[in-house]
1. Residues 389, 383: which one is in contact with a His (Cβ under 9 Å, 6 or more places away or on another chain) and touching a residue at least 60 places away in the same chain (Cβ under 8 Å)?
2. Here are some residues: 342, 316, 272, 334. Which one is over 24 Å from residue 234 (Cβ atoms) and surrounded by 21 or more Cβ atoms within 10 Å (Cβ to Cβ)?
3. Consider residue 137 carefully, then state whether it is buried (at least 18 other Cβ atoms within 10 Å of the Cβ) and either touching a Lys or Arg at 6+ places or on another chain (Cβ under 7 Å) or not basic (Lys, Arg) (or both).
4. Is it the case that region 121-133 has a residue that's at pLDDT 90 or above and assigned to a helix (DSSP H, G or I)?
5. Test residue 264 against the criterion of being more than 16 Å from residue 314 (Cβ to Cβ), free of Cβ contacts under 8 Å to residues at least 60 places away in the same chain and in contact with a Lys or Arg (Cβ under 9 Å, 6 or more places away or on another chain), and give yes or no.
6. Of the numbered conditions (1) surrounded by 15 or more Cβ atoms within 10 Å (Cβ to Cβ); (2) without any contact (Cβ under 8 Å) to a residue 12 or more places away in the chain; (3) touching a Gly at 6+ places or on another chain (Cβ under 8 Å); (4) more than 26 Å from residue 80 (Cβ to Cβ), residue 170 satisfies every one except a single condition; which is it?
7. Considering each residue of region 58-85, count those that are closer than 23 Å to residue 25 by Cα and surrounded by fewer than 21 Cβ atoms within 10 Å (Cβ to Cβ), and give that number.
8. Checking the condition acidic (Asp, Glu) and either at positive phi or surrounded by fewer than 13 Cβ atoms within 10 Å (Cβ to Cβ) (or both), which residue from 55, 15 passes?
Amino acid sequence: MIKRLAQPEIAELLEEFPAVAILGPRQVGKTTLAEEIAASMNPEPIYLDLERPSEAARLNEPEAYFELHKGKLIILDEVQRVPELFQILRGVIDRRRREGLRKAQFLILGSASLELLKQSSESLAGRIAYKELSGFTVAEIDHKKSKDIDRLWLHGGFPDSFLAKNDEASLRWRLNFISTYLERDVPQFGPRIPAVTLRKLWTMLAHSQGGQLNIAQLGNNLDVTAPTAKRYIELLEDLLLIRTLRPWSGNVSKRLVKAPKVYIRDSGLTHALLNLTTFDDLLGHPVVGASWEGFVVENLLSCLPASVTAWFYRTAAGAEIDLVIERNSKERYAIEIKRSQAPSVSKGFHLGCEDIAATKRFIVYPGKERFPVTKDIAAIPLLDMMNELRGML
């Protein structure tokens, strides 16, 4: 059985805030996680799926409904469909605070991050905590089995995809997921965007996984303007389907690359867009190295403490670091990502480490043992690196 590592963290937030929001793409397991949390609570929470008209109708008079169930945790799923609720939640929470009720009252589940954050931050500032839920990570599966890690990389972290009975069933689920998002879900979040165009963009991003974002080139390839291409990228990012990793911008006298790197967040979706069914298909495809890099980046970022920032570093002169993890000016990790059992780094990594004054230097590789590569650089398995980052408190 897989236990989500976010569960105890969310339970702790529910002890501290009157409202907690779990953000994540559709089908990532938000509802299942909320139900597991609810099962341990007394009295039994109320669950409302706001995509269902019959359940959304219960909130025709939301203040009266919330008062009727006062003292119970109310779980609101797909809350971005009813944005006017946020202002009402503020009034309810503030009134109950004056009455001395401070424990958790609302657990909010949402599939779109930026819009939801904008709506809720304006109304619920100081009253709500956020937790982003990714797909399954290496830390949540049986990491003692290398085949399970390979399967997670190939299938991605969406529960139904990872747990599918075989590679073919997993790929069918992911292809259906992609089609459903393009044809049903995306149109709910703004102006009509042709599904064919957005699928082409998504596929282009899969081919250039981890590459630097070139809005003008994407627009030319899609036959749309650069502002339109930028809006498409922002939409996929808002839906938590892609991640843009910003370049490090510390005060160094170097010509720094300014364009962000862009990743499809779930490795399984990358592979589905490229029609890679089996692990052999993946290993034989040119995207293999970039796919592994994206998989590692997403796993590492999933476990970062809230106070820690992630960047990449690259200069016009060739200095380059795949991932920079920065806690403060005195604690900065430089991480290189290699798909090799005998990893090494280039001169560019050494130069980059000197530029940013890295305090620790690592190569994340697919092996099982940690060992020194040089006096200053350690090769480290992915799970060990995740544990190392969790300790940055």
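1. Values: 389 fails: in contact with a His (Cβ under 9 Å, 6 or more places away or on another chain).
On inspection, the qualifying residue turns out to be 383.
2. Numbers: 342 fails: surrounded by 21 or more Cβ atoms within 10 Å (Cβ to Cβ); 316 fails: surrounded by 21 or more Cβ atoms within 10 Å (Cβ to Cβ); 272 fails: over 24 Å from residue 234 (Cβ atoms).
Testing whether each residue is over 24 Å from residue 234 (Cβ atoms) and surrounded by 21 or more Cβ atoms within 10 Å (Cβ to Cβ) leaves just 334.
3. On the way: buried (at least 18 other Cβ atoms within 10 Å of the Cβ): yes; either touching a Lys or Arg at 6+ places or on another chain (Cβ under 7 Å) or not basic (Lys, Arg) (or both): yes.
Taking the combined requirement at face value, the residue satisfies it.
4. no
5. Working: more than 16 Å from residue 314 (Cβ to Cβ): yes; free of Cβ contacts under 8 Å to residues at least 60 places away in the same chain: no; in contact with a Lys or Arg (Cβ under 9 Å, 6 or more places away or on another chain): yes.
So residue 264 does not fit the description; no.
6. That leaves (2) as the condition not met.
7. So the count comes out to 4.
8. Numbers: 55 fails: either at positive phi or surrounded by fewer than 13 Cβ atoms within 10 Å (Cβ to Cβ) (or both).
Of 55, 15, the one residue that is acidic (Asp, Glu) and either at positive phi or surrounded by fewer than 13 Cβ atoms within 10 Å (Cβ to Cβ) (or both) is 15.
The values are calculated or read from the model by the stated rules, or taken from the named source; none is laboratory data. Keep in mind that this is a model prediction, so the values were computed, not measured. No Cβ is skipped: glycine too gets one built from the backbone with ideal geometry, and neighbour counts run over all protein chains shown.
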